[in-house]
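So the structure is just underneath, and the comments pick up after that.
Please treat every number below as a calculation from the coordinates, not as lab data. Only a predicted model underlies this, so the values are computations on that prediction, with no experimental measurement involved. We place every Cβ from the backbone using ideal geometry, glycine too, and count neighbours over all the protein chains shown.
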Amino acid sequence: MENTLLAVQGLHKSYGDMHAVDGVSFDVRRGEIFGLLGPNGAGKTTIISMLTGLLKPDSGSVSFDGHDFRPSNRALQAKIGLVPQELALYPPLSARDNLVFFGRIYGLKGQRLRQRVAAVLEIVGLTERANDAIETYSGGMKRRVNLAVGLLHEPELLFLDEPTVGVDPQARNAILETLETLNRAGTTIFYTTHYMEEAQRLCHRVVIIDHGQIIALDTPRALIDSLGSGIIRLKVPDNAFESLTRQARRLAMIKTVSRQDSRVIVKTNDAPAALIGLLGIVNRLDIPITALEILEPNLETVFLQLTGKALRD
């Protein structure tokens, strides 16, 4: 596609018998915030490491702006920025000194370096604390300096790996607002997280992975709309599943009925009406219910529906 900035085809990475990434393909479009979502251990960090040249895939390809992306291609490397999950800062140094140090690594110097340090401090809202040691900062402030480092050289594509882990709600919101501002200014953002509410707020499109494989790829709105008005989960005895399913499928407001482990999963266009109908069936058939959940449509529910487990399991 003409608007594709990053194209990923058939990425594989294994560690012994464990397939950390298993045939992953997608594209990132210029100017979008693209979310890579999944639980801890799903393969997110492995994917981002391969996309940024830190880790060599066993097979597959990555291209940036139509060019084969390799760690040795310094011109392409200069067009990306990476904000890792782990803080990459020197605690005894001030935020300004950290930024000057990393700016020089990027090849910035002189007036240009001073301008960029001042600019990124302003972007992350830390100008007034620029000369204080990092070790005196809160967790959220450290995360914002970490973000500032990745912005120093004005990358076309910014990779962020779990940038809000361990911060309080106020600091998280400040980081998300900064990312929204950067994106409006034209920066393409590749965002990995296991916080679905962040992805629902930020991302134009998301890919959901589990066990190293893609299980969904679309806009957050389209994925949420696929659930209808919600999902009802009931836990009933195994011998009651068939009779409950057969009766439930006759209700007009129910889209699908399926089984996930010991639960009946009902996808519906009208959750309140479906619940009344289901309770009528279980009362009529004298089926005991040992658990009942009504899940509102959001990305967290999409993940639960696709994988059968909570996002942070």
Using modelled amide H (1.01 Å from N, peptide plane; none on Pro or chain starts), what sits under 5 Å from the amide H of D65, excluding residues fewer than 5 places away?
-> L6, A7
Diffing the range 270-278: the Karplus 3J(HN,Hα) column from phi (6.51, -1.76, 1.60, θ = phi - 60°), in whole Hz with x for Gly and Pro, holds 8, 4, x, 5, 5, 4, 4, x, 5
Using θ = phi - 60° and Karplus 6.51 cos²θ - 1.76 cosθ + 1.60, couplings along the range 95-100 (whole Hz; Gly, Pro as x) | 4, 4, 5, 4, 5, 4
Going by how many other Cβ atoms sit within 10 Å of their own, how do M50, M253, M141 line up, fewest first?
-> M253, M141, M50
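In nm, what is the difference between 0.36 nm times the number of residues separating I105 and R249 and their Cα-Cα distance?
Once the chain is fully extended between I105 and R249, it gains 45.6 nm.
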So the compactness index of the range 122-222, its C-alpha Rg divided by 2.2 N^0.38 Å, takes the value 1.15
Nonlocal amide H pairs with R205, under 5 Å, H built at 1.01 Å | I33, G35
Packing-based exposure ordering (other Cβ within 10 Å, fewest first) of T164, T290, T4 | T290, T4, T164
In whole angstrom, the spacing between the Cα centers of the range 213-228 and the range 104-133 equals 39
Under a plain spin-label model, where a point goes 7 Å from the Cα along Cα-to-Cβ, how far apart in nm are S14 and D97?
-> 4.8
Plugging the Cβ-Cβ distance of E242 and I289 into 1/(1 + (r/R0)^6) at R0 = 22 Å yields, to the nearest 0.05, a FRET efficiency of 0.85
The range 188-209 versus the range 1-24: alpha-carbon centroid distance in Å | 18
Mean residue ellipticity (222 nm) of the chain, computed from DSSP H runs ≥ 4 via -39,500 (n - 2.57), nearest 500 = -10500 deg cm²/dmol
